1. Quick check: anything in region 118-127 over 11 Å from the mean Cα position of the chain (by Cα) and either of a type in the set (Gly, Ala, Ser) or at pLDDT 95 or above (or both)?
2. In region 254-277, which residues are assigned to a helix (DSSP H, G or I) and crowded, with 21+ Cβ neighbours inside 10 Å?
3. Mind listing whichever residues of region 125-145 are within 23 Å of Gly60 (Cα to Cα) and either small (Gly, Ala, Ser) or open to solvent by less than 40 Å² (accessible area, probe 1.4 Å) (or both)?
4. Mind listing just one residue for me: the one in region 333-368 that is in contact with a Ser or Thr (Cβ under 9 Å, 6 or more places away or on another chain) and modelled with pLDDT under 80 and, of those, surrounded by the fewest Cβ atoms within 10 Å (Cβ to Cβ)?
5. Would you check which residues across region 46-62 are open to solvent by 20 Å² or more (accessible area, probe 1.4 Å), under 22 Å from the mean Cα position of the chain (by Cα) and without any contact (Cβ under 8 Å) to a residue 24 or more places away in the chain and list them?
6. Starting from residues that are in a helix (DSSP H, G or I) and either within 22 Å of Asn215 (Cα to Cα) or not acidic (Asp, Glu) (or both), keep the ones in region 146-190 and report whichever is most open to solvent (accessible area, probe 1.4 Å).
7. Tell me whether region 164-182 contains one or more residues that are touching a Ser or Thr at 6+ places or on another chain (Cβ under 7 Å), hydroxyl-bearing (Ser, Thr, Tyr) and over 24 Å from Val132 (Cβ atoms).
8. Examine region 31-43 for a residue that is under 17 Å from Thr97 (Cβ atoms), small (Gly, Ala, Ser), crowded, with 17+ Cβ neighbours inside 10 Å and in contact (Cβ under 8 Å) with a residue 24 or more places away in the chain, and state whether such a residue exists.
Amino acid sequence: MKRHILLIVFNMLALQITTAQTLRNFGAIEIHGTGQIGFFSSLENDGIFETTSGLAGFYGANLNSISGAISPHFYDIEINNDEGIFLQIPLKVSNNTNFIFGDIITSKASNTNYLEFISTSFYNGASNFSKVDGYMSISDVQSFLFPIGDETYLRPLGIDTEETTSFFKTAYFFENGTLDFSTILAQKSDLQSISKTEYWVLEGDASTRITIGWNERSDLQSITDDQDNLTIVGFEKKSSQWVDLETADRSENLLEGFISSTEFIPNDYSAITFGILKTRKPVSRRGYNYIITPNGDGINDFLYIPELEDFDGNRMLIFDRNGLKVFEKENYTDEFNGKVSVNIAAITRNKGLSEGIYYYLITAGKDNFVIQGFLYLER
């Protein structure tokens, strides 16, 4: 009991409330065990704030910020703030980030401030209503789905690399990339045009395959009427031209879907978006993203992920595009066929889930190895 009292006193001495409703840390603070701390105002961190356990929550109804001379390092965080949290310094999370409501926001004019994940980091609940609106990074993973977007939509980007030591940083822009990176297309490529609606920025020195998705706002129907002309393009720094990154996987609906590239080095490119080819190039579907077509023909009727056979035990979660959990299963094998699981109430139980993109999160094995990605449900 005495230890708990001393910890509370120490925390009070290390935190100062300023007149602008900002908590200022100028000491050395840790969250112990299952301890929790909630921030209902801004945090100015001028001291050491590194925790190896516990939860830091960011709450309220007004836009708050995290600033100061030293970047804080949390174990678990959650955000439930109507207007979001603005990062003026990097914020590091080593375990779970729980997105409830509100965005973690950074300036897109500079990549110096960002939400930083490491190999053991994961997240829950990312949706149109709660995500990273700005820059985010992760290190030492082979696959990851970044929960990034803008103030309106979650517009994730997935990476898949063979490297075991790597660092990636990314952000999404609902802007015309040709205004910043010109309209020049590589002369020797089969490119006809590129999207002028949105683009992603991705940094990384490891060869990787990426997956990005589109929605109705992407307006791909204005530049093509055939998904087999669709590809991923990057603005190459060396040539100052848009080049085809080529397609390894693609879904078949121009209103909503996803597309995966072949391998490339992200640091060679300033921006990434959708491109249209002069000639049709159908592709076979493969990789960490899946198509589910539960029509009873025996092909892709159920979600089957062969990598799970390498682990003793797993837990599968599937979320819709708004972050609503629609499926949950311990020791998953191949049970998902487009319907909600029995322990989740849903008005669509009898009809099944609607066509579109869904996100999956798997923790597998005794070390809780994380597999994340998204699937497309076709009907």
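The values are calculated or read from the model by the stated rules, or taken from the named source; none is laboratory data. Here the structure is a predicted model, which is why all the values come from computation and not from measurement. With ideal geometry, Cβ positions are generated from the backbone for all residues, glycine too; neighbour counts draw on all protein chains shown. In case anyone asks, the SASA skips ligands and DNA or RNA and just uses the protein heavy atoms, side chains included. Shrake-Rupley method; radii C 1.70, N 1.55, O 1.52, S 1.80 Å.
1. yes
2. Within region 254-277, just Pro266 meets the criteria.
3. Listed by number, the residues that qualify are Gly125, Ala126, Ser127, Asn128, Ser130, Lys131, Val132, Asp133, Gly134, Tyr135, Met136.
4. Taking the candidates together, the pick is Thr348.
5. Matches in region 46-62: Tyr59 only.
6. Leu179
7. yes
8. For region 31-43, residues under 17 Å from Thr97 (Cβ atoms), small (Gly, Ala, Ser), crowded, with 17+ Cβ neighbours inside 10 Å and in contact (Cβ under 8 Å) with a residue 24 or more places away in the chain: absent.
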